[in-house]
1. Considering only residues of the range 272-303 that are closer than 30 Å to Asn93 by Cα and β-branched (Val, Ile, Thr), which is nearest to the chain's Cα centre (by Cα)?
2. Going through Arg245, Arg174 one at a time, which residue ends up being under 30 Å from Ala31 (Cα atoms), of a type outside the set (Val, Ile, Thr) and outside any loop (DSSP other than H, G, I, E, B)?
3. Please go through (1) outside any helix (DSSP H, G or I); (2) of a type in the set (D, E, K, R); (3) under 19 Å from the mean Cα position of the chain (by Cα) for Glu269 and return the number of the only condition it doesn't satisfy.
4. Among what's in the range 60-103 and is touching a Leu at 6+ places or on another chain (Cβ under 8 Å) and in a strand (DSSP E or B), pick the residue that is surrounded by the most Cβ atoms within 10 Å (Cβ to Cβ).
5. Among the candidates Glu231, Glu224, Glu250, which residue alone is loosely packed, with under 12 Cβ neighbours inside 10 Å and either charged (D, E, K, R) or modelled with pLDDT of 95 or more (or both)?
6. Take the conditions closer than 23 Å to Val216 by Cβ, touching a His at 6+ places or on another chain (Cβ under 6 Å) and touching a residue at least 60 places away in the same chain (Cβ under 8 Å) and apply them to Phe111. Does it pass?
7. Among the residues of the range 182-189, are any touching a strand residue (DSSP E or B) at 6+ places or on another chain (Cβ under 8 Å) and under 17 Å from Phe117 (Cα atoms)?
8. Please indicate, with yes or no, whether at least one residue in the range 154-174 is charged (D, E, K, R), more than 20 Å from the chain's Cα centre (by Cα), under 20 Å from Asn258 (Cα atoms) and at pLDDT 95 or above.
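The values are calculated or read from the model by the stated rules, or taken from the named source; none is laboratory data. Note that this is a predicted model, so its numbers are computed, not measured. Glycine also receives a Cβ, built like all others from the backbone with ideal geometry; neighbour counts cover every protein chain displayed.
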Amino acid sequence: MISVRQLHPLFFAEIRGADLKAEPTEDLRSAVEAAMEQYNGCVVRQGQITDEEHIRFARLFGPLELPPGYSTRPRGRMAPELFFAGNLDPDGNIKPLTPANQNIAKGAERFHADSSFNPLPSKWSMLRGVECPPSEVGGDTLFVDLRAAYDDLPQETKDRIDGMTGIHDFWRGRAYAGLEVTEEMKAAMPMPPVHHPLVRTTPSGRKAVFVGGHCVGVVGLSDEEGHALVEQLYDHVTQPKYVYRHKWVEGDIVIWDNRFALHAATPLETDQYRRDMRRATINESGEEIDSYEYRRRKQETAA
């Protein structure tokens, strides 16, 4: 029997009783879809599962966005369909807590929506805690509900942003966050900006204000004015009353809707503990493909 319990006054819930080791059922799919529509984020608690079971569960809800270079990734300690987040190197050893490694991690510490800088139609992220350090040393994940934040906007702000389009740019977002960005980095990983509405609507008709760390401006406004507007909205949506803090238990699978929620990592200020987190990213539609290959095909078609 699947049960759902709300964890935050505004959103986020815990799902128990979902057997992810068994062949997925329509009842499981519909129960999770309903919980996500209502709560915008959920943690499924049932203990450890394999990468293959994780992927099978994710595919219930749409096609996967595959990691960059998926077609050439070796099948090593982690299934190539999954994205990795944590403090381990490819051989499974803890990376030392150096300034360089800390700088790389800082990009995830600003609230953002996964893949908003990609042209693929992102739906959900599904992050699994394989190895989790104690919460008191760091590594929690924060979530904000963009629906509740939109509800509380002044009506004049709602009227102003309705119909506006945000500019999502991976590299400019990192630069605005104070992280190092070089021309060599941009050349090695070209990421042209993409556009998303500043106001998005859930399937049930609820509105959400869609900003985040990758949203750097607004179509039709100057760089300065557009950036100022999205920063004003960012400050609003990240107020503490909209934030749920997830303290990880090994085996947790946390699901959030990238269209209507943001998330941020909290720093892990030690290299004495292992952190192994694996994520499936689910798209609304389309084939299973990595975003770089998708961009390349679109460019070839346009040429």
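1. So the residue we want is Thr281.
2. Checking each option against the conditions leaves just Arg245.
3. Glu269 satisfies all of (1) outside any helix (DSSP H, G or I); (2) of a type in the set (D, E, K, R); (3) under 19 Å from the mean Cα position of the chain (by Cα) except (3).
4. The extreme case among them is Glu65.
5. Among Glu231, Glu224, Glu250, only Glu224 is loosely packed, with under 12 Cβ neighbours inside 10 Å and either charged (D, E, K, R) or modelled with pLDDT of 95 or more (or both).
6. no
7. So far as the range 182-189 goes, no, none of its residues is touching a strand residue (DSSP E or B) at 6+ places or on another chain (Cβ under 8 Å) and under 17 Å from Phe117 (Cα atoms).
8. The answer is yes, given that some residue of the range 154-174 is charged (D, E, K, R), more than 20 Å from the chain's Cα centre (by Cα), under 20 Å from Asn258 (Cα atoms) and at pLDDT 95 or above.
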